[in-house]
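Structure first, commentary second.
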Amino acid sequence: MILLNDFGRQWSEICEEATATFRQIGESGWYILGREVQQFEKELAEYWGLPRAIGVASGLDAIEICLRTLGCKAGDKVLTTPISAFATTLAILKIGAMPVFTDTDQFGLVDLDAARDTLQHDPTIRWFIPVHLYGHALDLGKLRALQEDFEIAIIEDCAQSVGARSAGLRTGCVGRMAATSFYPTKNLGAMGDGGAILTANAECADHAQVLRDYGQTAKYQHDVIGYNSRLDELQAALLRRVSLPRLDRWTARRRHIAASYIAGINNQAVRVPGPPPGSESCWHLFPVIVEPECKLGFMQYMKTRGVGTGEHYPIAIPDQRACGDVSIEITRAGIERARRFCRSQVSLPVHPYLSNEDVATVVEAVNDWKA
Ligand SMILES: *Cc1c(COP(=O)(O)O)cnc(C)c1O
């Protein structure tokens, strides 16, 4: 079976280094906020080309702490996308703010022209969380123009886009702050939960660092209501010593596989969106589009051909039951495009441990499918 994510194959590659790392951290006797976290933050910031990185407990926390740092509070409106991991919206809801959903484009990404229209009609929206979904980079020029024209604070959700660029610029470099996740399936994954905040603004970085550790400004001095959201030494060490040094090679392999799919898949019933214009994608996922009524059949068929698939994401966020009990807003133009995308999207395996033979198997299976 060709899996959507293959942690078995990953473990065979990293086993020795990961085990040695575990032993070193055990022997060090220091498990929370120590040298490994500090060093990893430094190396991640360098990799990203931003001055500061702050390790936190998850991608969800990273987004919530960014919102808090940028002054967002209960009742405030935050523009975002209806297609993402639920965590993007959950971070907004957790502080009691109100998500405002604007429609997506043919790639499933938040439509930045629709976002502009929304911002024009509602000047009370002061925050925007765009998501670089699937490892595609949104148009960073357009994003920057939105931030400047409307004087809003943008938090880029880069949980899926580590390594992606738009016109040579890395995702996360335009917004006031950026958030990423080290959830194991992510391109830069840990062996547990983890996340990071990235920013060029030293004041924001300092504040986020206080918030992640109980709001402590000095030992036992609490100036604000903070969180327990610290990245462990163990996860930081694994990320720094095992995963980060391999990331560029893994990303290159993902790009190669994506290019093989784009060149090889040739079936009228399966649309391959490819990368959006200007995006140098890191291919966290490889989405294809089928007719909604064929989606389950396609996934079941792929399984019979030995290929695991996934759905990212089958339900638009505002349609989730949890959103029924809270205040949300959908912009006037609606989100019908997003809803249809959710009913039609299927993810093919694109992880770096696929062999060339696996890639050929996936292409052949897709091309043989009859809707
Ligand atoms: C994974 C993910 C998150 C949340 O990250 P966690 O570490 O699981 O909390 C947020 N946004 C997007 C787009 C994600 O893919």
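Going by average Cβ neighbours within 10 Å, how do the peptides 263-269, 189-195 rank, with the highest at the top?
Sorting 263-269, 189-195 by mean packing, highest first, produces 189-195, 263-269.
Quick check: the distance between the Cα centres of segment 210-286 and segment 118-156, to the nearest angstrom?
20 Å
What does the charge count near residue 186 come to, summing +1 for each Lys or Arg and -1 for each Asp or Glu among other residues with Cβ under 13 Å from its Cβ?
Net of charged neighbours comes to -1.
When the helix-only estimate is applied to the chain (DSSP H runs of n ≥ 4, each -39,500 (n - 2.57), divided by the residue count), what is the mean residue ellipticity at 222 nm, nearest 500 deg cm²/dmol?
-12000 deg cm²/dmol
Report the FRET efficiency, 1/(1 + (r/R0)^6), for residue 151 and residue 46, where r is their Cβ-Cβ distance and R0 is 35 Å, rounded to 0.05.
0.70
In percent, how large is the relative contact order of segment 25-177, given Cα pairs closer than 8 Å and 6 or more residues apart?
Relative CO of segment 25-177 lands at 19 percent.
What is the antiparallel percent of DSSP beta bridges lying wholly in segment 76-132, to the nearest 5?
Bridges in segment 76-132 are about 10 percent antiparallel.
Normalised by the residues of segment 1-114, what does the relative contact order come to in percent, with Cα pairs under 8 Å and at least six apart?
Normalised by residue count, the contact order of segment 1-114 is 17 percent.
How many Å³ per residue does the convex hull of the Cα positions in segment 227-307 occupy?
Dividing the Cα hull volume of segment 227-307 by its residue count gives 201 Å³.
If you average the sequence gap of Cα pairs under 8 Å that are 6 or more apart and divide by the length of the chain, what percent do you get for the contact order?
Once divided by the residue count of the chain, the mean separation gives 23 percent.
Express the C-alpha Rg of segment 185-232 as a ratio against the empirical globular expectation 2.2 N^0.38 Å, rounded to two decimals.
So segment 185-232 has a normalised radius of gyration of 1.32.
May I ask you to list the aspartates and glutamates whose Cα is less than 12 Å away from that of residue 77, ignoring any residue fewer than eight positions away on the same chain?
Cross-link targets: 122, 329.
Report the longest stretch of the chain that contains none of the GluC sites (Glu not before Pro) sitting in a DSSP loop with at most 16 other Cβ atoms within 10 Å.
152-310
Expected output is a single nm value to one decimal: the length gained when fully extending between residue 271 and residue 293, i.e. 0.36 nm times separation in residues minus the C-alpha distance. What is it?
Stretched fully, the residue 271-residue 293 segment lengthens by 6.5 nm.
Extension gain residue 185-residue 32, at 0.36 nm per residue separation less the Cα-Cα distance, in nm?
The residue 185-residue 32 span can extend by a further 52.8 nm.
Counting only other residues whose beta carbon sits under 13 Å from that of residue 2, what net charge do I get with K and R as +1, D and E as -1?
Taking every other residue near residue 2 into account, the sum is -1.
Students often forget the sequence filter, so: which lysines lie under 24 Å Cα-Cα from residue 73 once same-chain residues fewer than 8 apart are removed?
94
For segment 165-253, what class follows from the C-alpha gyration tensor (a ≥ b ≥ c being the square roots of its eigenvalues): rounded when a/c is under 1.5, otherwise prolate if a/b is larger than b/c, else oblate?
oblate
How large is log10 I(q)/I(0) at q = 0.09, 0.12, 0.14 Å⁻¹ when the Debye formula is applied to the Cα atoms of the chain, each weighted equally and without solvent?
Rounded to two decimals, the profile gives -0.51, -0.90, -1.21.
How many angstrom lie between the Cα centre of segment 303-342 and the Cα centre of segment 43-108?
A separation of 18 Å, based on Cα centres.
Which percent, to the nearest 5, of DSSP beta bridges fully inside the chain are antiparallel?
Antiparallel bridges make up about 60 percent of those DSSP assigns within the chain.
I need two numbers for segment 87-242: Rg to one decimal and Dmax as a whole number, Cα atoms only, in Å.
Considering segment 87-242 through its Cα atoms, Rg and Dmax are 16.5, 51 Å.
Can you list the aspartates and glutamates whose alpha carbon sits under 17 Å from that of residue 142, skipping same-chain ones fewer than 8 residues off?
103, 105, 111, 113, 117, 151, 156, 157, 280
Laboratory data are not the source of any read-out in this text; all were calculated from the coordinates shown. As the structure is a prediction and not an experimental result, all values here were calculated from the model. Every residue, glycine among them, receives a Cβ derived from its backbone with ideal geometry; neighbour counts consider all protein chains shown.
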